[in-house]
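Let me begin by presenting the structure, written as structure tokens, before commenting on it.
The values are calculated or read from the model by the stated rules, or taken from the named source; none is laboratory data. Since the model is a prediction, treat every value here as computed from it, not as a measurement. Here Cβ is always computed from backbone atoms with ideal geometry, including for glycine, and neighbour counts include all displayed protein chains.
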Amino acid sequence: MVTPNQCLWAKYGTYEGPWVRGTRGMKLPLNPTEDDRRAYVLSSTEGKYDSVNFYDSCICSVGSLQLCEKFYLVSNLLGYVVKQCGENVVLSALKPALDASNATFKLNRGGAWRFFFNDIRGEVNSLALQQELFLKCDGKIGSWTPEAKDHAKLWAACMANVFQTDATCLAQIDYVKSKLTSFVLKSAKNELWDGTSDEGVNGAVRAAYISFAANNPTRASEALTAHVKETTSQKWSEDWLIELLQKMTFLSGVKIYPIRYNAIRGPLEQLWNVSLPKSAEDLKTWSKAPDPVVPQVLPTPPEVTPTPVQDPPVTVQSDDVIKPIEPQPVPETHPDVTQEKKETVVYQQPSLFTFILNLFKSLLLLFKSPIK
């Protein structure tokens, strides 16, 4: 059982107030569903079943999801526990704070469980009435009186005491699992819940996104939009996941988001078998490895059968007729005798006239010679 004296005091931004760290952490069942895994990631950064926070704009935040009473989410959670575990379990744990506030917890006309003042103020249905019920001030730094501090610590301890049994813790996680995707805006749901499997990187992406969206749906959606616009990585790759985590962790400049990354990194790696930068600082300086240079393989040229080269036909002109070389006389040689140039006798056949003339001369000589 938690007492008011066990409450701590903290500041965040312009707010301050009491808080309870909690001791009852979520444990995964033997065969966890995807919602179990997502809730486990979320609880690793938000809190334990009995964690309570009164030091920010939500006025009162409770449980492993740190549901925000500013939007009546704590009231809805307590109403679910009433249905699962009985009204007395909730009212008995809250009784000291309800008595101190002259208030009760019951169904309103719309069938929702809500806090009521037991006077003319009636249902606690505005920010001013919520601040009056739980804080007795606006929760800003410097606005707390000693009486207001004691009042808020009492409420914080009573809220934590609702979840000191296994039954109420199981009811809480069942309620949380039913609300996991309610923080995902439509555009983000269309991008991330695209019908693909929840195995591996896909499941890690969705669980990580829910973790950030549960804190601020708008900031998470803006980070996703910027990521999709700028990334060159293949969707659902590990690089794609890390780039999205960079955007969600650092784009908005929210100081606690690096702490959130450090808290969810281990469960993401463990439950979906991914490898992530080991710290927020590593995540901030991480850059995608360049694509490996693939050597270009030139296609093998087809075999070409060489075509025999034929000499072009030679056209012989009349002036180009090759004339045979006239035979040259072979010189006669004799051993030890100097070779002399010999005359060449050329025989010419006599003409008919010459023949007759020579015949006549021969006859004339015959008649003139004396007869012996």
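Brief remarks follow.
- Filtered by the rule that a residue be outside any loop (DSSP other than H, G, I, E, B), hydrophobic (A, V, I, L, M, F, W, C) and touching a residue at least 24 places away in the same chain (Cβ under 8 Å), the stretch 134-158 gives F134, A152, L154, W155, A156, A157, C158.
- Only one of the listed residues (E69, E34) is buried (at least 21 other Cβ atoms within 10 Å of the Cβ), in contact with a helix residue (DSSP H, G or I) (Cβ under 8 Å, 6 or more places away or on another chain) and either closer than 30 Å to L271 by Cα or at pLDDT 95 or above (or both). That residue is E69.
- Any chance Q66 is under 12 Å from I173 (Cβ atoms) and of a type in the set (S, T, N, Q): no
- Only one of T104, T45 that is part of a strand (DSSP E or B) and either among the polar types (S, T, N, Q) or under 30 Å from A207 (Cα atoms) (or both): T104
- The set of residues from the stretch 246-255 being out of contact with any Pro (no Cβ under 8 Å at 6 or more places or on another chain) and in contact (Cβ under 8 Å) with a residue 24 or more places away in the chain comprises Q246, K247, M248, L251, S252, V254.
- Residues in the stretch 10-23 that are farther than 12 Å from W144 by Cα and among the aromatic types (F, W, Y): Y12, W19.
- Hey, L185 of a type outside the set (S, T, Y), farther than 25 Å from A97 by Cβ, modelled with pLDDT of 95 or more and in contact with a helix residue (DSSP H, G or I) (Cβ under 7 Å, 6 or more places away or on another chain) or not: yes
- Pairs linking a residue in the stretch 193-205 that is in the same structural domain as E243 (by TED's automatic domain parsing) and among the aliphatic types (A, V, I, L, M) to a residue that is surrounded by 16 or more Cβ atoms within 10 Å (Cβ to Cβ) and outside any helix (DSSP H, G or I), with Cβ atoms under 9 Å and 6 or more positions apart or on different chains, are V201/W236; V201/V274; A204/V274; A204/L276; V205/W236.
- Test for Y49: is it touching a Lys or Arg at 6+ places or on another chain (Cβ under 8 Å), of a type in the set (S, T, Y) and closer than 30 Å to T145 by Cβ: no
- Qualifying residue in the stretch 21-41 (condition: within 25 Å of K136 (Cα to Cα), not acidic (D, E) and not assigned by TED's automatic domain parsing to the domain that holds G203): yes
Every residue, every condition in (1) among the charged types (D, E, K, R); (2) assigned to a helix (DSSP H, G or I); (3) modelled with pLDDT under 95; (4) over 30 Å from A213 (Cβ atoms), yes or no:
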{"site": "P258", "(1), (2), (3), (4)": "no, yes, no, no"}
{"site": "G266", "(1), (2), (3), (4)": "no, yes, no, no"}
{"site": "V274", "(1), (2), (3), (4)": "no, no, no, no"}
{"site": "E281", "(1), (2), (3), (4)": "yes, yes, no, no"}
{"site": "P299", "(1), (2), (3), (4)": "no, no, yes, yes"}
{"site": "Q310", "(1), (2), (3), (4)": "no, no, yes, yes"}
{"site": "V314", "(1), (2), (3), (4)": "no, no, yes, yes"}
{"site": "D319", "(1), (2), (3), (4)": "yes, yes, yes, yes"}
{"site": "I322", "(1), (2), (3), (4)": "no, no, yes, yes"}
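- Some residue of the stretch 79-86 being outside any helix (DSSP H, G or I) and assigned by TED's automatic domain parsing to the domain that holds Y40: yes
- Meets criteria (touching a strand residue (DSSP E or B) at 6+ places or on another chain (Cβ under 7 Å) and either of a type outside the set (S, T, N, Q) or not assigned by TED's automatic domain parsing to the domain that holds S75 (or both)) for K136: no
- Annotation note: of F115, F183, the sole residue that is surrounded by 15 or more Cβ atoms within 10 Å (Cβ to Cβ), within 30 Å of V228 (Cβ to Cβ), of a type in the set (F, W, Y) and touching a residue at least 24 places away in the same chain (Cβ under 8 Å) is F183.
- The stretch 7-23, subset part of a loop (DSSP other than H, G, I, E, B) and either free of Cβ contacts under 8 Å to residues at least 40 places away in the same chain or of a type in the set (K, R) (or both), residue nearest to W155 (Cα to Cα): R21
- Yes/no for S101 being hydroxyl-bearing (S, T, Y), buried (at least 19 other Cβ atoms within 10 Å of the Cβ) and not assigned by TED's automatic domain parsing to the domain that holds A214: yes
- Tallying residues that are within 21 Å of L42 (Cβ to Cβ) and buried (at least 21 other Cβ atoms within 10 Å of the Cβ) within the stretch 80-98 yields 1.
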